[in-house]
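Participant: My questions all concern the structure below.
Throughout, read-outs are computed from the coordinates displayed, never taken from laboratory work. Because the structure is a prediction, the values reported are computed rather than measured. No Cβ is skipped: glycine too gets one built from the backbone with ideal geometry, and neighbour counts run over all protein chains shown.
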Amino acid sequence: MPEFDVQPRGSHFVDGAYIEDKAGAAMEVVYPATGQVIATVHAATAAVTERALVSATRAQAAWAQTDPAERGRVLRRAADLIRARNRELSRLETLDTGKPLQETLVADAMSGADALEYFGGLAPDMTGQTMRFGADWAYTLRRPLGVCTGIGAWNYPTQIACWKAAPALATGNAMVFKPSEATPLCALKVAEILVEAGLPAGLFNVVQGAGDVGAALTTDARVAKVSLTGSVPTGRKVYAAAAASMKHVTMELGGKSPILIFEDADLESTVSGAINGNFYSSGQVCSNGTRVFVAEALAPAFLDRLKTRMAGLCPGDPLDETTNFGPMTTQAQMEIVLAHLDRARAEGATVTGGDRMDRAGFWVAPAVLTDLTDDMACVREEIFGPVMSVLTFRDEDEAIARANATEFGLSAGVFTRDLTRAHRVVAQLRAGTCWINQYNLTPAGMPFGGSKQSGIGRENARLAMDHFTEVQTIYVGMGPVEAAF
Ligand code: NAD
């Protein structure tokens with residue numbers, strides 16, 4: 001087996017440096033493509049978490065007073081450093097997650113750099129409002145919240161760290177970030193690069209650990225906000241815990257998003273959209289369009305073309321740039337996906353593909369499910385793997401009603417050449433992010449997030465600046481003060 005040089009210099013990055021405390025439980029970092037242990041880190045002890053919160057609190061007070069333009073310059077320098085080191089960071093992302101290098105070279109560190117650049121540019125534009133009341137007037141200031149906690153999922157460890165850090169830091173906050181215990185490596189590099197770009201020590205700390213460390217960072221009185229990317233059940237717990245001390249939250253949670261494909265849609269684009277929305281990152285994408293509703297008349301051609309295109313699947317060594325399909329990131333997730341497929345078969349679905357692949361590591365072949373009804377578990381529940389459910393519909397109203405018949409509301413897609421229909425349909429979809437004739441693109445300038453059980457708040461775009469600040473209102477009296485006596 002090849003050796004990988006990814007053991008970090010310390011498990012945590014706190015107050016501008018790597019630190020270690022081996023009293024914390026050992027966490028093995030497993031390369032999902034082979035099952036090989038490639039590094040070991042230790043979960044944060046109470047002492048490590050304390051250092052992270054103390055240094056973040058101290059650093060934030062000064063950072064909030066720093067000229068926002070200077071804050072922005074630091075973030076833009078970090079974006080440049082990430083771009084310059086993209087290949088090295090993408091390789092690390094591949095080793096941490098198992099995602100093919102072909103993907104990580106374009107979708108991970110680069111997306112993180114985009115967010116840092118975007119919010120770096122926006123940092124000086126933290127503006128308020130003015131209001132007149134006769135001669136008196138009032139104005140508002142946007143103020144940073146203070147110390148914010150970021151908690152990440154394992155599917156996009158670099159991107160998630162950057163999407164949370166960039167708006168938090170641009171607006172004058174500090175962040176203590178806890179990556180997923182399954183992918184602890186990439187956020188450490190983000191912290192290292194931010195310091196290299198000139199970020200003062202303590203403003204972006206990374207501490208490792210599982211849910212208990214996340215919970216400690218959610219309940220601490222010094223934390224003003226928690227931004228979580230994770231599953232709906234975890235979201236419910238974190239939201240409730242944060243509410244106890246009235247903390248702000250952003251919840252980026254799971255989904256079971258629909259893609260509606262109308263009869264007049266461009267066939268090739270719909271198949272590409274469905275492939276991207278189900279098999280990219282081996283299906284481990286929150287916004288995936290896992291319920292593909294195809295107009296009955298188009299369904300045979302769609303399935304036929306999908307079958308042909310599936311021949312282009314190239315699973316293999318994720319570090320080989322011709323590989324376009326990787327393993328599941330954890331053994332547990334592989335087992336969850338295989339169990340879902342067994343249940344789908346038991347419920348009467350036709351499952352094409354979906355076998356555990358005969359090799360070391362956590363590989364599941366992509367699956368296309370047909371002969372489905374909307375009440376089957378595989379159609380209702382988030383699977384978070386390479387599983388596409390294809391359903392058919394007769395008319396627009398039926399498609400919309402069935403698309404909305406879910407507790408989730410993260411995303412949705414509509415494919416049609418009829419522009420009026422496209423806008424009419426998305427206006428009726430209860431989903432935080434919708435795409436028309438495209439799927440799963442998330443540029444930094446576009447708000448992203450869910451409705452219903454899929455979350456609260458939005459990441460990216462100017463909106464994220466609002467979610468990391470609060471309004472202070474100042475009333476200005478211009479005349480004498482009158483009183484009853
Ligand atoms: P998860 O909910 O198991 O864990 C997410 C994070 O929360 C981890 O870091 C975990 O350690 C932490 N955590 C667990 N319990 C906690 C607690 N009680 N208090 C504080 N933190 C706690 O999710 P996962 O399996 O890592 O990721 C997959 C899920 O994430 C899927 O549901 C997916 O849809 C979702 N996701 C959403 C988005 C989005 O932007 N909406 C993006 C990626 C993934």
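Participant: Among 431, 270, 478, flag the residue with its Cα farthest along the positive direction of the charge dipole of the chain, charges on Cβ as +1 for Lys/Arg and -1 for Asp/Glu.
Facilitator: After comparing all options, I get 478.
Participant: In addition: Which angle between 0 and 90 degrees, to the nearest 10, do you get for helix 109-122 versus the longest principal axis of the chain when only C-alpha atoms count?
Facilitator: So the helix axis and the longest Cα principal axis differ by about 40 degrees.
Participant: With charges only on Cβ, +1 for K and R and -1 for D and E, what is the dipole size of the range 257-380 about its Cα centre, in debye, rounded to 20?
Facilitator: Numbers: 9 positive and 17 negative charges, 54 e Å.
The dipole of the range 257-380 has a size of about 260 debye.
Participant: Right, next: Using the Cα centre of the chain as the reference point, and only Cβ charges (+1 on K/R, -1 on D/E), how large is the resulting charge dipole? Debye, rounded to the nearest 20.
Facilitator: Numbers: 43 positive and 54 negative charges, 196 e Å.
About 940 debye.
Participant: In degrees between 0 and 90, to the nearest 10, how far off the longest principal axis of the chain does helix 186-196 point, with axes built from Cα atoms?
Facilitator: 40
Participant: Given R₀ = 45 Å, what would the calculated FRET efficiency be for residue 196 paired with residue 355, taking r from the Cβ atoms and rounding to 0.05? Before the final figure, lay out the partial values.
Facilitator: Numbers: r = 45 Å, r/R0 = 1.00.
Step by step, r from the Cβ atoms, then E = 0.50.
Participant: Grab the beta carbon distance between residue 221 and residue 462, set R0 = 35 Å, and tell me the FRET efficiency rounded to 0.05.
Facilitator: Details: r = 30 Å, r/R0 = 0.85.
Given R0 = 35 Å and the Cβ-Cβ separation, E is 0.70.
Participant: Still on this structure, please answer the following. May I ask you to order 322-332, 79-89 by the average number of other C-beta atoms within 10 Å around their residues, highest value first?
Facilitator: Per-residue mean Cβ counts within 10 Å order the peptides as 322-332, 79-89.
Participant: Further question on the same structure: Report, in deg cm²/dmol and to the nearest 500, the calculated mean residue ellipticity at 222 nm for the chain, where each DSSP H run with n ≥ 4 adds -39500 (n - 2.57) and the sum is divided by the residue count. The partial results should precede the final answer.
Facilitator: Numbers: 16 runs with 187 residues, N = 485.
Here the helix-only value at 222 nm equals -12000 deg cm²/dmol.
Participant: Also: Provide the percentage of antiparallel DSSP beta bridges, counting only those with both residues in the chain; round to the nearest 5.
Facilitator: Numbers: 30 of 68 bridges.
Of those bridges, close to 45 percent are antiparallel.
Participant: Please determine, in degrees from 0 to 90 and to the nearest 10, the orientation of helix 232-243 with respect to the longest principal axis defined by the Cα atoms of the chain, where the helix direction is its Cα long axis.
Facilitator: So the helix axis and the longest Cα principal axis differ by about 10 degrees.
Participant: Hey, another quick one. With +1 on each Lys and Arg Cβ and -1 on each Asp and Glu Cβ, how big is the dipole of the range 390-476 about its Cα centre, in debye rounded to the nearest 20?
Facilitator: Around 140 debye, computed over the range 390-476.
Participant: Let me ask you something else. What's the tally of Lys pairs in the chain whose alpha-carbon atoms lie under 25 angstrom apart, where the two lysines are 8 or more places apart or on different chains?
Facilitator: 28
Participant: Just name one of 16, 40, 30: the one whose Cα is farthest towards the positive end of the charge dipole of the range 1-86 (beta-carbon charges, Lys/Arg +1, Asp/Glu -1).
Facilitator: 16
Participant: Give me the distance between the Cα centres of the range 98-141 and the range 222-258, rounded to whole Å.
Facilitator: 21
Participant: When only Cα pairs under 8 Å and 6 or more residues apart are kept, what is the percent relative contact order across the range 102-164?
Facilitator: Details: 40 pairs, mean separation 26.6, N = 63.
Here the relative contact order equals 42 percent.
Participant: If we sort 305-313, 355-363, 261-269, 200-208 on the protection proxy, mean other Cβ atoms within 10 Å, highest first, what's the order? Mind dumping the intermediate values first?
Facilitator: Numbers: 305-313: 13.4, 355-363: 15.6, 261-269: 17.4, 200-208: 26.3.
Top of the packing list down: 200-208, 261-269, 355-363, 305-313.
Participant: Work from the charge dipole of the range 82-156 (Cβ charges, +1 for Lys and Arg, -1 for Asp and Glu, about the Cα centre) and give the residue of 133, 151, 106 farthest towards its positive end.
Facilitator: 133
Participant: Now for a separate question. I'd like the projected area of the range 65-213, averaged over all directions, using the convex hull of its alpha carbons. Report it in nm² with one decimal.
Facilitator: Mean shadow area of the hull around the Cα atoms is 9.8 nm².
Participant: Ratio to report: Rg/Rh of the chain, with Cα atoms as the point set and Rh obtained by the Kirkwood method; give two decimals. Before the final figure, lay out each step's value.
Facilitator: Numbers: Rg = 23.5 Å, Rh = 23.4 Å.
Dividing the radius of gyration by the Kirkwood radius yields 1.01.
Participant: Once you keep just the Cα pairs under 8 angstrom separated by 6 or more residues, what percentage relative contact order results for the range 339-434? Walk me through the numbers on the way to the answer.
Facilitator: Values: 115 pairs, mean separation 18.7, N = 96.
Relative contact order for the range 339-434 comes out at 20 percent.
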